[in-house]
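Since the structure comes first, as structure tokens, the remarks are kept for the end.
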Amino acid sequence: MKVLLLIDIQNDFLPGGALPVPAGDAIIPVVSRLTGSFPLVVATQDWHPRGHGSFASSHAGKRPFDTVTYGAERQTLWPDHCVQGTPGAAFPVSLDTRPVEAIFRKGTDPLIDSYSAFYDKDHRKTTGLAGYLRDKQVTDVYLAGLAADICVFETAKDSLREGFNTYFVQDATRPLEAERLPGLLRQFRDQGGTVLQCGDLL
Ligand code: VGL
Ligand code: ZN
């Protein structure tokens, strides 16, 4: 059984949003072509309470993209984004969400950031996604969404750790920082992941 995971395809990560991923909107037609080939489609939403600890606005004197240290963890501070219930946190109207069977939300703990769809940053809190996928007899996880170098990449790593065959559908993602992506994809391949293009699946 295979699943297509749509990671954080939300207005705030699209051009014009609070934390726009360059050309993030270009993935939407690609995703639309893919969903029909999958027996199971699951989406995630970055879903922060107002005043979330990952927002620069929650730290006196800090600006977006500064970093702070929490214990051993370095945390990049972001512009306020994907605040629960706001239009920025919603799926774009251009994304057909009808095939989406379940939605997992992450980043809800005010103090912990959560990039991966499976766990928070420190692997202390699970979203329940791994159990849900196992319950559905999923063996193969295909990844699309935003941002390729942050939430999609972290989800890809955790998916491999959870023992799923994991596929990164590169043209169904876009990175926030393009220059970071080749190194991350090399790391993903070294850990046993597969990088492919939408055309390889249709
Ligand atoms: C994301 C930064 C902060 C993402 C979420 O979805 O890639 N990036 N929150
Ligand atoms: Zn976030």
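Quick check: Cα centre of the stretch 99-176 to Cα centre of the stretch 36-93, how many Å?
Value for the Cα centre distance between the two parts: 15 Å.
How many lysine pairs are close in the chain, with Cα atoms under 18 Å apart and the two 8 or more places apart or on different chains?
So the count works out to 7.
Per 0.36 nm of contour for each residue apart, how much would the distance between Ser58 and Thr126 grow if the chain were fully extended, relative to their Cα-Cα spacing?
Net length gain for the segment: 22.1 nm.
Helix-derived [θ] at 222 nm for the chain: sum -39500 (n - 2.57) over DSSP H runs of at least 4, divide by residue count, nearest 500?
My calculation for the chain gives -5000 deg cm²/dmol from helical runs alone.
May I ask you to give the percent of accessible area on the chain that is carbon plus sulfur, with a probe radius of 1.4 Å?
Ligands and nucleic acids excluded, carbon and sulfur give 50 percent.
For the chain, give me the percentage of DSSP beta bridges that are antiparallel, rounded to the nearest 5 percent.
DSSP beta bridges in the chain are roughly 15 percent antiparallel.
Accessible area per residue, 1.4 Å probe, Å², for the stretch 1-63: what's the number? Walk me through the intermediate numbers first.
Numbers: 2300 Å² over 63 residues.
With all protein chains present, the stretch 1-63 gives 37 Å² per residue.
Take every Cα-Cα distance within the chain, group them into 5 Å bins from 0 onward, and report for each bin the whole-number percent of pairs it holds.
1, 8, 17, 21, 22, 17, 9, 4, 1, 0
Using 0.36 nm per residue of separation minus the Cα-Cα distance, give me the extension gain between Thr69 and Asp135 in nm, one decimal.
20.1 nm
Each residue of the stretch 134-149 in turn: what ³J(HN,Hα) in whole Hz from Karplus with 6.51, -1.76, 1.60 and θ = phi - 60°, glycine and Pro shown as x?
So the J values, rounded to whole Hz, are 5, 4, 8, 6, 6, 10, 10, 10, 10, 10, 9, x, 9, 8, 3, 8.
The values are calculated or read from the model by the stated rules, or taken from the named source; none is laboratory data. Quick caveat: nothing in here was measured; it's all calculated off a predicted structure. Remember, those area values only see protein heavy atoms, side chains included, never the ligands or the DNA or RNA. Shrake-Rupley method; radii C 1.70, N 1.55, O 1.52, S 1.80 Å.
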